Every structure is written in structure tokens, then in C-alpha cells.
1. Across the stretch 166-175, in residue order, what do the Karplus-derived ³J(HN,Hα) couplings come to in whole Hz, using 6.51 cos²θ - 1.76 cosθ + 1.60 with θ = phi - 60° and x for Gly and Pro?
2. From a point 7 Å beyond the Cα of Ala23 in the direction of its Cβ, which residues of the stretch 71-114 have a backbone N at a distance under 13 Å?
3. What's the extension gain from Glu78 to Asp95 if we count 0.36 nm per residue and subtract their Cα-Cα distance?
4. Based on the alpha-carbon gyration tensor of the stretch 8-178, what equivalent-ellipsoid semi-axes (square roots of 5 times the eigenvalues) come out, in whole Å, largest first?
5. At 0.36 nm per residue, minus the direct Cα-Cα distance, what do Arg128 and Ile11 gain on full extension? Give it in nm, one decimal, please.
6. Relative contact order, percent, of the stretch 8-178 when contacts are C-alpha pairs under 8 Å separated by at least 6 residues?
7. Give the total of Lys-Lys pairs in the chain with Cα-Cα distances below 21 Å; include a pair only if its members are 8 or more places apart or on different chains.
8. Figure the gain on full extension for Trp176 and Arg113 (residue separation times 0.36 nm, minus the Cα-Cα span) and round it to one decimal in nm.
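Each value in this text was obtained by applying a stated rule to the coordinates, not by laboratory testing. Remember, it's a predicted structure, so these values are computed and weren't measured experimentally. FYI the Cβ positions are ideal-geometry reconstructions off the backbone, even for glycines, and counts take in every protein chain you see.
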Amino acid sequence: MMEELDICKLIKPDETMLGQISAYRTAFLNAGDSMDGTGPLFRMEDPEDWLFSCRSLVLRETTPPQWVPSDQFVYLREDDQKIVGMIQFRHEFNDFLRDFGGHIGYSVHPDERRKGYAKRMLTECLERCRAFGLDRVLITCRVENEASRRTILSCGGVYEKTVYCERDNVNLERYWIDFT
């Protein structure tokens, strides 16, 4: 588990993190893993392009038509300034998010898993969702992702049902976390 001094903070990414953003992306590509909760990072080689995209999603006026307003965060470990996770909070749903994606997507760096970061990061993000004014949030995970399932359940997730996402050819479990 984590040491007592392992302090992390959930913050918005900025230009000082370009190298870390690139390293995060590369680690997932090398692992052949999905970059959940990173928006379009998978297809963007230049971290500056990704930062621009994240910033455009904050306001409805600058959000592309097929997307929804959202806040992108990195989970930064303070002692070495390493991005150990990323999480995206979507303010509302489009059809895809209503059925498959939910309000929150997240990932933990492949080298930093099984250390409790996901639960801490999700807990902090849920506080932001509550402060934003949501009464409840939807989070989904692949049926084979036991670690994510445990994280969601530990944060109060209540299983609703399993759905098949044809676009991604995956079965997803839907969980609701109620703030009321």
C-alpha cells in the first residue's frame, strides 16, 4: 500500500506537465491498455493539442457538437510530480454517455496500479461532482475489470445492469453513486 507521505492532488493539467502527459500516453500505448478518462489523448500525439482539447470542453460554447462539457484532471503525486492517474468528469450526457460512458471515466498509470490511487482519485472527483450540483453519477466499467468494479463499489456504487456496447465490442457494468 501507499506510504504515509504519498500525497497526491487532483488538478487540471497545464503546460508544466507536457512531458508527464506524453509519458502517461506512452505507458498506456506500450501496455496495450485503454486510456479511460483521458478524453482524446489516445489519438493525440502532441500533449499541447490534448491540453487545448481539454480546455475547449470546459465551456458549452467551445465544446464540439459531438462532445459534452467536461473537466479533465490529472492525479499528480507531489513528491516526484508524476501523473499517476487521470479522470474526466462529464457534466451531462449525450446518447453514448447515457448508455455506456457515464459521468466519470478514469485510469491509473500501468506502473502505479494496486496502490489505492483509483479510489482516492474517484473519491475526490465525486466531491467535485457533488459541488457541481449533481444528485448522482453514473460510472461504467468493463465486466472483466475487477479492480475498477471494486473501486466503484468502495465509493458507494450500486450496480444497475450490464449492457453491450457494440461500438467497442465490450460488455459494461453500470453503477450509480447517489449523493442524496
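1. Result, rounded to whole Hz: 5, 3, 9, 6, 9, 9, 10, 8, 9, 10.
2. Backbone N within reach: 76-85, 109-112.
3. Working: separation 17, 0.36 × 17 = 6.12 nm, distance 3.73 nm.
Result for the pair: 2.4 nm of gain on full extension.
4. Working: eigenvalues 101, 70, 55 Å².
Ellipsoid half-lengths, sorted descending, are 22, 19, 17 Å.
5. Details: separation 117, 0.36 × 117 = 42.12 nm, distance 1.13 nm.
Extending this stretch completely gives an extra 41.0 nm.
6. Values: 286 pairs, mean separation 30.8, N = 171.
It comes to 18 percent, rounded to a whole number.
7. Working: Lys9/Lys82; Lys9/Lys115; Lys9/Lys119; Lys12/Lys82; Lys12/Lys119; Lys82/Lys115; Lys82/Lys119.
Eligible lysine pairs with Cα atoms under 21 Å apart amount to 7.
8. On the way: separation 63, 0.36 × 63 = 22.68 nm, distance 2.34 nm.
Between Trp176 and Arg113, full extension yields 20.3 nm more.
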